[in-house]
Amino acid sequence: QKEVEQDPGPLSVPEGAIVSLNCTYSNSAFQYFMWYRQYSRKGPELLMYTYSSGNKEDGRFTAQVDKSSKYISLFIRDSQPSDSATYLCAVLYTGGFKTIFGAGTRLFVKA
Amino acid sequence: NAGVTQTPKFRVLKTGQSMTLLCAQDMNHEYMYWYRQDPGMGLRLIHYSVGEGTTAKGEVPDGYNVSRLKKQNFLLGLESAAPSQTSVYFCASRADGRSGNTIYFGEGSWLTVV
């Protein structure tokens, strides 16, 4: 069983739609939860960062962690064509050296 | 504003040839990583280093070697390239846990082995 599972998509939505991206993880010891965004032919960049459970909001983006169900979510409101990218969830143990990534979900936002 | 720099960006190798990918970071980070990214497989960790002079195996280390002789550099070597090593390679770095957990990635190196 992979430590982080993520549906690779692709996911195609019209401009202005609310997008929901999700991951599940297997080990309850993970404490740090991240979302990275990767544009085509570029390296991933950190988008959102959450420690432990709860929600975190940044503009149109909301990251949510439910540790009881080992579920990570990223919501994008009023999606734009510029949001078209691959979104990777990632987890990390406290004091850990290795960040573990999901496979990434490819998102297309159509104008 | 360099961050993490990888060279070369593109390379075509013949089976059995050797090559080295160079990664340099200017953020004084302790931790450095080499990942490969393949369709449907996500980012898989090849090797990593938690400080100058140290290296450790990741998830898919076979066929690769690494060295971290200087804190700012992390080299990935392929001794005898195989077609299965055709991939996009990303170097990354991170400060130690006390200073933050964000990983910073390079732009990637596209390697084709024919």
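Inside segment B:28-68, can you point out the residues that are over 13 Å from the mean Cα position of the chain (by Cα), hydrophobic (A, V, I, L, M, F, W, C) and modelled with pLDDT of 95 or more?
none
Condition check ((1) within 13 Å of the chain's Cα centre (by Cα); (2) away from every other protein chain (no Cβ under 14 Å)) across all residues:
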residue	(1), (2)
A:19	yes, yes
A:35	yes, no
A:44	yes, no
A:60	no, yes
A:87	yes, no
A:90	yes, no
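Step by step: first the residues of segment A:1-49, then only those that are without any contact (Cβ under 8 Å) to a residue 60 or more places away in the chain, part of a strand (DSSP E or B) and among the charged types (D, E, K, R), then the one that is surrounded by the most Cβ atoms within 10 Å (Cβ to Cβ). Which residue is that?
A:37
Restricting to segment B:9-39, name every residue that is farther than 26 Å from residue A:97 by Cβ, more than 14 Å from chain A (Cβ to nearest Cβ) and loosely packed, with under 14 Cβ neighbours inside 10 Å.
Once the filter is applied, which keeps residues that are farther than 26 Å from residue A:97 by Cβ, more than 14 Å from chain A (Cβ to nearest Cβ) and loosely packed, with under 14 Cβ neighbours inside 10 Å, segment B:9-39 yields B:12, B:14, B:15, B:16, B:18.
It is to be established whether one or more residues within segment A:64-80 are modelled with pLDDT of 95 or more, assigned to a strand (DSSP E or B) and within 14 Å of another protein chain (Cβ to nearest Cβ).
The answer is no, given that none of the residues of segment A:64-80 is modelled with pLDDT of 95 or more, assigned to a strand (DSSP E or B) and within 14 Å of another protein chain (Cβ to nearest Cβ).
Rundown of residues vs (1) within 28 Å of residue A:51 (Cα to Cα); (2) part of a loop (DSSP other than H, G, I, E, B), yes/no style:
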{"site": "B:15", "(1), (2)": "no, yes"}
{"site": "B:24", "(1), (2)": "no, no"}
{"site": "B:36", "(1), (2)": "yes, no"}
{"site": "B:70", "(1), (2)": "no, yes"}
{"site": "B:74", "(1), (2)": "no, no"}
{"site": "B:107", "(1), (2)": "yes, yes"}
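Looking only at residues that are among the aliphatic types (A, V, I, L, M) and away from chain B (no Cβ under 14 Å) in segment A:96-111, which one is farthest from residue A:81 (Cα to Cα)?
A:107
Could you please tell me which pairs satisfy a Cβ distance under 6 Å, a separation of 6+ or placement on different chains, a first residue in segment B:36-54 that is farther than 16 Å from residue A:86 by Cα, and a second residue that is of a type in the set (Ser, Thr, Tyr) and assigned to a strand (DSSP E or B)?
Short answer, once both residue conditions are applied: B:45/B:35; B:46/B:64; B:48/B:33; B:50/B:31.
Looking at segment A:1-12, can you tell me whether even one residue there is modelled with pLDDT of 95 or more and away from chain B (no Cβ under 13 Å)?
yes
Taking the condition exposed (fewer than 15 other Cβ atoms within 10 Å of the Cβ) and touching a residue at least 60 places away in the same chain (Cβ under 8 Å), does residue A:99 pass?
no
Is segment B:52-71 home to any residue that is surrounded by 14 or more Cβ atoms within 10 Å (Cβ to Cβ), more than 9 Å from chain A (Cβ to nearest Cβ) and within 17 Å of residue A:43 (Cβ to Cβ)?
No, because not a single residue in segment B:52-71 is surrounded by 14 or more Cβ atoms within 10 Å (Cβ to Cβ), more than 9 Å from chain A (Cβ to nearest Cβ) and within 17 Å of residue A:43 (Cβ to Cβ).
The values are calculated or read from the model by the stated rules, or taken from the named source; none is laboratory data. Please read these numbers as outputs of a predicted model, since none were measured by experiment. So basically every Cβ, Gly included, is an ideal-geometry build from the backbone, and we count neighbours across all protein chains shown.
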